[in-house]
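Data first, discussion second: the structure below is written as structure tokens.
The values are calculated or read from the model by the stated rules, or taken from the named source; none is laboratory data. Given the structure is predicted, the values throughout are model-derived calculations rather than measurements. Don't worry about glycine lacking a Cβ; one is built from the backbone with ideal geometry, like all the others, and counts go over all protein chains shown. The protein model used for the area step is the full one, side chains on, heavy atoms only, and it has no ligands, DNA or RNA in it. Shrake-Rupley method; radii C 1.70, N 1.55, O 1.52, S 1.80 Å.
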Amino acid sequence: MVLSCCVINCTSRFGQFSFYRVPKKPLEKRKLWIEAIKRQGENGTVWEPSDYDRVCSRHFITGQKSNDQENPDYVPSIHMGTIDMQTDGPQRFARYERYQKRDDDRKTAAVALQEMSLNVPPTPEKPSVHDSCIKTIASLRLENQQLYTELNRLQCDNTHMKTELLNLKFEDSAVATDSKTTFYTGIPSKALFMWVLSFCSTVLPSSRVVTPKGVLLCLLIKLRLNLHLEDIAFRLNISKTTVSDILNQGLPALAKKLNFLVQWPDKDSLIKNMPVIFKKTYPRCVSIIDCFEVFINRPGHLTARAQTWSNYKHHNTIKFLVSITPTGAISYVSRAFGGRTSDKVITQRSGYLDKLEHNDQVLADRGFLISEELASHGATLIIPAFTRGKSQLSAKEIELTRQIAHVRIHVERAIERVKNFNILSTNMNLHLVPHSDSIVTICSCICNLQPALVS
């Protein structure tokens, strides 16, 4: 194939001149060559050279191309078939040579100056008044850099801790500390909660969506805070139906398992742990009793509504008999009775009297008219003096009432502990009333895990 020059109006052929391919890279150089050739494609489009297009050496000032961008022969520039807008080729090449010569002179001068500076001995530096300031600035910059490094580390730690906090499950965070454990469950410490969990894990309802710890938390949070079922479900990331099933199955099982924490003490234990205040006044006291009521929603059944109406509270209630030991521990809790039932009837029907032995002393309020029932078991009832029909109590009766009130107050404190569980201090839903015996039993057991009321 005969090579020819692609420049317009150039008739050079292979053998007469050297030929150079239009460069492909760099693209900027290729673009400059195409602009210099000034050919057009079909229909006025931009001409794109093929692999066979060549440019002869006739169009370069020195007769050959150059790869130096400062060299005039970096791009073909003479005899381009059009009017040259630049100066003549020889003049441009001469200017390029002068530029090269000046550049060489500058390099030679720089080398000479460098050699001279190496041979001249350094002059001693004079102390500057700014040296101390410069040193201070340098030390401050170093300290600033160290502070920024420490700040970045703390920010990373903070981000990491926030991520861990977000990933922490509620069942873990709720018992992370003793104060949180007490708030959510009523159990005084995290260690005691873990003991209750290990002791009761075999009787807790099994679930595929929540761990045994979550099940126990679900039960105790409901008793302690009386949250809505939806609230507990959101906290534990389970459904409302699952929470309801856990309550229905777990409350009776948990009460049966923990029931041993509420037990009637033997005489030796009572005498051994009798507080000083009881030893002086009532050394044979084995029990202090009282009743408390829990509000419930109004039943729809008329009979149930009548049986649970309390004339004292003016509300529908259920009623429990509670007995504590002289140390303040709960030793007996009756089953639930309707709010209209009197204290005397509850004492007779609850089975409390069967716990008493000969020569026992029982402290109670004026409403417990059970002296004959206690006498049949060989026990003695101690209650404050009655004021009905008397204008004034005698000095002996006043002193006796004061002594009884001074020690009987502890049963009020014990009941207050039990009622710190919000499920017993607010209106109880009717669907939980069938579980009321289990609820009061569990609350009483947890109260017995707390520190003693009387030392």
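Overview of results
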item	result
Subset of segment 426-440 (residues that are open to solvent by 50 Å² or more (accessible area, probe 1.4 Å), farther than 16 Å from Ser334 by Cβ and touching a residue at least 12 places away in the same chain (Cβ under 8 Å))	Thr426, Asn427, Asn429, Leu430
Segment 49-74, residues that are closer than 16 Å to Ala36 by Cβ, open to solvent by 30 Å² or more (accessible area, probe 1.4 Å) and of a type in the set (D, E, K, R)	Asp53, Arg54, Arg58, Lys65
Meets criteria (free of Cβ contacts under 8 Å to residues at least 60 places away in the same chain, surrounded by fewer than 17 Cβ atoms within 10 Å (Cβ to Cβ) and under 24 Å from Asn248 (Cα atoms)) for Val175	no
Any hit, segment 21-39, residues being at pLDDT 85 or above and small (Gly, Ala, Ser)	yes
Which numbered condition Thr317 fails, given (1) polar (S, T, N, Q); (2) out of contact with any Asp or Glu (no Cβ under 6 Å at 6 or more places or on another chain); (3) in contact (Cβ under 8 Å) with a residue 24 or more places away in the chain	(2)
Residues of segment 328-340 satisfying the condition of being in contact (Cβ under 8 Å) with a residue 60 or more places away in the chain, more than 13 Å from Cys285 (Cβ to Cβ) and assigned to a strand (DSSP E or B)	Ile330, Tyr332, Val333
Output for segment 313-361, where each listed residue is within 22 Å of Arg417 (Cβ to Cβ) and of a type in the set (Asp, Glu)	Asp343
Test: Ser117 is surrounded by fewer than 10 Cβ atoms within 10 Å (Cβ to Cβ), touching a helix residue (DSSP H, G or I) at 6+ places or on another chain (Cβ under 9 Å) and either assigned to a helix (DSSP H, G or I) or modelled with pLDDT under 80 (or both)	no
Residue match in segment 162-184 (condition: farther than 30 Å from Gln450 by Cβ, at pLDDT 80 or above and under 49 Å from the mean Cα position of the chain (by Cα))	yes
Residues within segment 191-219 that are surrounded by fewer than 23 Cβ atoms within 10 Å (Cβ to Cβ) and within 14 Å of Ile446 (Cβ to Cβ), tallied	6
Some residue of segment 231-253 being among the basic types (Lys, Arg) and under 21 Å from the mean Cα position of the chain (by Cα)	yes
Selection count, segment 339-357, where residues are farther than 18 Å from Thr325 by Cβ and surrounded by fewer than 16 Cβ atoms within 10 Å (Cβ to Cβ)	5
Subset of segment 351-402 [outside any loop (DSSP other than H, G, I, E, B), of a type outside the set (A, V, I, L, M), modelled with pLDDT of 80 or more and more than 51 Å from the chain's Cα centre (by Cα)]	Asp354, Gln361, Ser371, Glu372, Glu373, Ser376, Thr380, Arg402
Residues (farther than 22 Å from Phe199 by Cα and among the basic types (Lys, Arg)) located in segment 216-239	Arg235
Residue in segment 220-237 that is least open to solvent (accessible area, probe 1.4 Å), counting only those that are more than 18 Å from Ile446 (Cβ to Cβ), in contact (Cβ under 8 Å) with a residue 60 or more places away in the chain and not polar (S, T, N, Q)	Leu236
Subset of segment 36-48 [open to solvent by 40 Å² or more (accessible area, probe 1.4 Å) and at negative phi]	Arg39, Gln40, Glu42, Thr45, Val46, Glu48
When residues of segment 308-327 are limited to those that are β-branched (Val, Ile, Thr) and not in a loop (DSSP other than H, G, I, E, B), the one surrounded by the most Cβ atoms within 10 Å (Cβ to Cβ)	Ile324
Given (1) touching a helix residue (DSSP H, G or I) at 6+ places or on another chain (Cβ under 9 Å); (2) not small (Gly, Ala, Ser); (3) not assigned by the TED database to the domain that holds Ser323, index of the condition Arg208 fails	(1)
All positions within segment 361-388 that are under 14 Å from Lys344 (Cβ atoms) and open to solvent by less than 60 Å² (accessible area, probe 1.4 Å)	Val362, Ala364, Asp365, Gly367, Phe368, Ile370, Glu373, Leu374, Leu381, Ile383
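Yes/no per residue for (1) surrounded by 10 or more Cβ atoms within 10 Å (Cβ to Cβ); (2) of a type in the set (D, E, K, R); (3) outside any loop (DSSP other than H, G, I, E, B); (4) at pLDDT 80 or above:
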{"residue": "Pro76", "(1), (2), (3), (4)": "yes, no, no, yes"}
{"residue": "Asp84", "(1), (2), (3), (4)": "yes, yes, no, no"}
{"residue": "Asp103", "(1), (2), (3), (4)": "yes, yes, yes, no"}
{"residue": "Ala109", "(1), (2), (3), (4)": "yes, no, yes, no"}
{"residue": "Pro124", "(1), (2), (3), (4)": "no, no, no, no"}
{"residue": "Thr136", "(1), (2), (3), (4)": "yes, no, yes, yes"}
{"residue": "Leu140", "(1), (2), (3), (4)": "yes, no, yes, yes"}
{"residue": "Gln146", "(1), (2), (3), (4)": "yes, no, yes, yes"}
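For (1) touching a residue at least 24 places away in the same chain (Cβ under 8 Å); (2) part of a strand (DSSP E or B); (3) on the phi > 0 side of the Ramachandran plot; (4) open to solvent by less than 50 Å² (accessible area, probe 1.4 Å), each residue gets a yes or a no:
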residue: Ile8; (1), (2), (3), (4): yes, no, no, no
residue: Tyr20; (1), (2), (3), (4): yes, yes, no, yes
residue: Arg30; (1), (2), (3), (4): no, no, no, yes
residue: Ile34; (1), (2), (3), (4): no, no, no, yes
